[in-house]
Amino acid sequence: GVVLIALQQGRLPWIALFLAFSFSFYGLIKKTNPVEGLKSNQFESLMMLPVSLVILFFMTDLIGSKPFPLLQGFDWTTMLLLMGAGPVTGLPLVYFAEAAQRLPMYLLGFFQFMAPSIQFLSGVFLFGEPMTGLQLTGFIFIWSAGLIVVYNNWYENRKKS
């Protein structure tokens, strides 16, 4: 499927491949990490704190130096939405870290397949993105491979019990 899409585009989809490999590696780290999800994500957030503080306190606008330049000019609705973005993005990561320790890696990978697939289908069916026959064929190949992996592992686990 990836080869078909790459042939149509005339180049490898580097961004998509990088995202797939990096999130797979992230899943592997979460799978082998003995720390529970909340503590693990607290550590990740702590590692990003210095970068966040630099952006928040030291970035200035083009006109002059104002305190908290990135927070200037927002209304309360926007500020509340920005504050709510933390839990909305953080909680799924905590749940993912917990699931990574409990689920087999093949099933975790299959679930990671779902988000980009839902985005793809939303783009096509909700937002009218064009899709060629070659893209549809590639999508079918990719999903068929994922389903074969899940079925094979399910079948092997069923034979063992």
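Let me spell out the model: positive unit charges on the Cβ of Lys and Arg, negative unit charges on the Cβ of Asp and Glu, origin at the Cα centre of the chain. What dipole size does that give, in debye rounded to 20?
580 debye
Using protein chains only and a probe of 1.4 angstrom, how many square angstrom of Met114 are accessible, to the nearest 10?
Ignoring ligands and nucleic acids, Met114 comes out at about 80 Å².
Given a 1.4 Å probe and the protein chains all in place, what does the accessible area of Glu44 round to, in Å² to the nearest 10?
Roughly 60 Å² of Glu44 is accessible to a 1.4 Å probe.
Is it possible to state the helix-based mean residue ellipticity at 222 nm for the chain, with each DSSP H run of 4+ residues giving -39500 (n - 2.57), the sum divided by total residues, to the nearest 500 deg cm²/dmol? What is it?
-25500 deg cm²/dmol
The values are calculated or read from the model by the stated rules, or taken from the named source; none is laboratory data. Bear in mind that the values here come from a model prediction, so they are computed numbers and not experimental data. As a convention, Cβ positions derive from the backbone with ideal geometry for all residues, glycine included, and neighbour counts pool all protein chains shown. These area figures cover heavy atoms from the full protein model, side chains too; ligands, DNA and RNA do not enter into them. Shrake-Rupley method; radii C 1.70, N 1.55, O 1.52, S 1.80 Å.
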